[in-house]
Structures are given as structure tokens and as C-alpha cells.
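Notes to accompany the following structure.
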Amino acid sequence: MSIQLTYSGNLGWIRESTTIANGILSSEEFFNMIADTPGTYDDIKPADLSPADIAGFFRNSSLRLDVREYTDDDPDVGGEFRWKTPNSLWANIGNGRRGCTYAAVLIHECVHALSYHTPGADFTHPYSSGDENYDGSNSDTAPYTIQRQTRESFCREDFTLKEDLIEVKVDESE
């Protein structure tokens, strides 16, 4: 079992990124990558929640998520997870990322969704009206660490937060 993403739209680059993300999300290498992360992530609850615990949540998840399109005025925004639609991830069609790089953004969103759907655990990151992470304050949280590790391990790309960050928003309004 693992998280499964479905995209039924017409944009080939989102379809390709979704396919890549599904391959990563179902791989033992992905689970091990998370489990082998030293220490803990910032801003997790309970505080003793380990990367191995989160890897187990990913490995045992039967979560099915729809990838849906939207446009953000800021092309640096990669996507959103919205608490009002917790079985959907939102792909910003106005950003410039493609392929495996964008698959890593979808996986970042999967961390938010999995945290939302995991009772008693919170392994997302703090946010205000948007994600507003350009100062790097969320760089060691689970979503950004897993996104960075995915790019390094699966896309074979270095991910430097200040230079390569795709802002990801979470809409927590009710």
C-alpha cells in the first residue's frame, strides 16, 4: 500500500509528474529514505515522532488523492493542500517546474495530506496566510526535508532552499 495520486486533467506535464510521484511514493527506497533521516523534523507533534514513524505512515497508507489544477498569481507557488478538500492536492499550472522536480512538490503536498489524515500526529509546518517560507524557517520540517531528499535521491538534483524553493501554500480556512 502507499499513497496513490490520480490526475484526470489534460496537461501532459502534470500527468507525467503525477506518474513519477506515484512511482516514488510506492518505492521501498522512498520509505527507507525517510526512515533513515537522522534526528527528528521541526514542528512535529508529538515531539518524539520519528522519521521512521512517518515512513511507516507512508508505507501503510491507503490514501487516494486527486491532483487538481489551479492558478496562483505567484509563479513561485508550486501547489496547495486545502483543508476544505483534504482528498485533493492542487497543482499551480502557472509555475515553471516539470517532471521529477514537480513530482517532489506533489510529494511535499502528500506530506501535508498524510499528516491531516493521521490522527494524533502533526508533521506539517507552521503557516500563516500563505506558506511564506523564503526565510528558510520551515526548511527542516517534514514537508520540505522530504521534498529536498526526493529531489536529491530520485531526481538527482540538489535542492537549495533559498535558490530553488517552490512556495507551497496550505489553506486552513474552514
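The values are calculated or read from the model by the stated rules, or taken from the named source; none is laboratory data. Not measured: the values here are computed from a predicted model. What goes into the accessible areas is simple: the full protein's heavy atoms, side chains included, and nothing from ligands, DNA or RNA. Shrake-Rupley method; radii C 1.70, N 1.55, O 1.52, S 1.80 Å.
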Amide H contacts under 5 Å for D72, placed H, 5+ residues apart: I93, G94
Hydrodynamic radius of region 4-154 per Kirkwood, over alpha carbon pairs, in Å: 15.4 Å
Net lengthening on full extension, S50/N10 (0.36 nm per residue, minus Cα-Cα): 10.6 nm
Extension reserve of the S26-H117 stretch, reckoned as 0.36 nm per residue once the Cα distance is removed: 31.0 nm
Surface accessible to a 1.4 Å probe, per residue, for the residues of region 4-154, Å²: 41 Å²
Rounded, prolate or oblate (a/c below 1.5 giving rounded, otherwise prolate when a/b exceeds b/c) for region 45-84 by Cα gyration tensor: prolate
In order through region 80-94: 3J(HN,Hα) via Karplus (6.51 cos²θ - 1.76 cosθ + 1.60), integer Hz, x for Gly, Pro: 9, 10, 10, 5, 6, 10, x, 10, 10, 10, 10, 9, 6, 6, x
Amide H within-cut-off set for V67, under 5 Å, with H built and near neighbours excluded: T6, Y7, S8, L89
